[in-house]
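The values are calculated or read from the model by the stated rules, or taken from the named source; none is laboratory data. For clarity, every value in this text was computed on a predicted model and none was experimentally measured. Backbone-built Cβ (ideal geometry, glycine too); neighbour counts: all protein chains shown.
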Amino acid sequence: MLITQIDQDIKQAMLARQEARLRGLRAIKSALLLARTEKGASEDISEETEIKVLQRLIKQRKESADIYKTQNRDDLYQIEAEEMQVIEAYLPKQMERAEVEAYLKELISRVGATSVKDMGKVMGTANKELAGKADGKTISEVVKQLLG
């Protein structure tokens, strides 16, 4: 379970005095505990939910980092970038765009999609099967390109 791994890594980061790593790990632990206590959630959260939580944390940090970059706040940008790097280490390896394209070509023929009108059908299946391996924006761009 990811929360157990995070607890062990927090202890190691504290002993090694790795401040950036510690900030990222604490953010992950906090988000996972929050997901575990949400209304309707069971005591244990699924791996799929853990991946979604991590992706949400990365997305938040990317958005913040972009804002800090445009405001020339390199000190704050650096903090977000460091935390993002720590969080990404706990996600499955991301697929390259070429791999996503190859997968989606196969999926489109499998579902029988022929035009942009079938995009919803393709996106639903692709988002489930590629959860954590590719971000939704990339998947959407490739599907539009292939069906358009």
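In the set I67, I87, I3, only one residue is among the β-branched types (V, I, T), surrounded by 14 or more Cβ atoms within 10 Å (Cβ to Cβ) and either touching a Ser or Thr at 6+ places or on another chain (Cβ under 8 Å) or under 30 Å from E141 (Cβ atoms) (or both); that residue is I87. Residues satisfying the criterion are present in the range 78-100 (criterion: within 29 Å of D9 (Cα to Cα) and over 17 Å from the mean Cα position of the chain (by Cα)). Residues in the range 56-95 that are more than 18 Å from A20 (Cα to Cα), at pLDDT 90 or above and assigned to a loop (DSSP other than H, G, I, E, B): Q71, N72. State whether one or more residues within the range 103-123 are within 30 Å of L34 (Cα to Cα), touching a residue at least 24 places away in the same chain (Cβ under 8 Å) and either hydrophobic (A, V, I, L, M, F, W, C) or outside any helix (DSSP H, G or I) (or both). For the range 103-123, residues within 30 Å of L34 (Cα to Cα), touching a residue at least 24 places away in the same chain (Cβ under 8 Å) and either hydrophobic (A, V, I, L, M, F, W, C) or outside any helix (DSSP H, G or I) (or both): absent. For I28, indicate whether it is closer than 23 Å to K93 by Cα, in contact (Cβ under 8 Å) with a residue 12 or more places away in the chain and either exposed (fewer than 15 other Cβ atoms within 10 Å of the Cβ) or within 15 Å of the chain's Cα centre (by Cα) (or both). Spelling it out, I28 is indeed closer than 23 Å to K93 by Cα, in contact (Cβ under 8 Å) with a residue 12 or more places away in the chain and either exposed (fewer than 15 other Cβ atoms within 10 Å of the Cβ) or within 15 Å of the chain's Cα centre (by Cα) (or both). Within the bounds of the range 133-147, is there any residue that is of a type in the set (G, A, S), out of contact with any strand residue (DSSP E or B) (no Cβ under 8 Å at 6 or more places or on another chain), under 29 Å from L25 (Cα atoms) and surrounded by 13 or more Cβ atoms within 10 Å (Cβ to Cβ)? Yes, the range 133-147 has at least one match. Of the residues Y77, Y103, the single one that is surrounded by 14 or more Cβ atoms within 10 Å (Cβ to Cβ), more than 29 Å from V143 (Cβ to Cβ) and among the hydroxyl-bearing types (S, T, Y) is Y77. Beta carbons closer than 9 Å, at least 6 apart along the sequence or on distinct chains, pair a first residue in the range 50-70 that is without any contact (Cβ under 8 Å) to a residue 12 or more places away in the chain with a second that is assigned to a helix (DSSP H, G or I) and among the aromatic types (F, W, Y) for D66/Y77; I67/Y77; K69/Y77. Of the residues making up the range 14-25, those that are part of a helix (DSSP H, G or I) and either touching a strand residue (DSSP E or B) at 6+ places or on another chain (Cβ under 9 Å) or surrounded by 13 or more Cβ atoms within 10 Å (Cβ to Cβ) (or both) number 7.
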